[in-house]
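All remarks here apply to the structure that follows.
The values are calculated or read from the model by the stated rules, or taken from the named source; none is laboratory data. No experiment lies behind these values; they were computed from the predicted model shown. Glycine also receives a Cβ, built like all others from the backbone with ideal geometry; neighbour counts cover every protein chain displayed.
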Amino acid sequence: MNSVAFAVIAIFTLVFAVAAATNPRLMHAALSFAVMFVGIAAFFFLLGAEFVGLVQIFVYVGAVAVLIVFTILLTRRDAEERHGFKWGGVVVAIGVFVGLVWAILKTNSLPTLPYLVKAVTVKEIGTTLMTQDVWPLMCVGVLLTAALIGALVLVMEDEP
């Protein structure tokens, strides 16, 4: 069952990743990008990492993809310009692919026996964030609030 679920999720994720990369309409590409993030979250759920899967959905689908969509909506030009095919992107993609394959082939294989690691629960993560790491958490909150206010100021139109 796990291999069938993996294959279905992999096909789902790859289809939307290719759609995000090749769709000429920018809004459709951004929405395909968001759906691809849901597929990646499904991989985490399949691996039993529910917390990471939920963070993937909240942060990437709920924040990054929505930010991309709003950016497209706020900066969209009236007429969409059609540009020719960019071969430079293909060359860069092939170069990155070859580099990753080379790095994978040169990497030593992992030991066959996994290390025993104590599972961390969501409650322990929350306790750590609210006790030991409360200062960095508050700084991130202030930074995100300042970024939101700055984005609103940039978007606001001046009245004549």
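For segment 125-133, does any single residue satisfy the condition of being loosely packed, with under 10 Cβ neighbours inside 10 Å, modelled with pLDDT of 85 or more and aliphatic (A, V, I, L, M)? Within segment 125-133, not a single residue is loosely packed, with under 10 Cβ neighbours inside 10 Å, modelled with pLDDT of 85 or more and aliphatic (A, V, I, L, M). When residue 125 is tested against (1) assigned by TED's automatic domain parsing to the domain that holds residue 52; (2) of a type in the set (A, V, I, L, M); (3) touching a residue at least 60 places away in the same chain (Cβ under 8 Å), exactly one condition is not met: (1).
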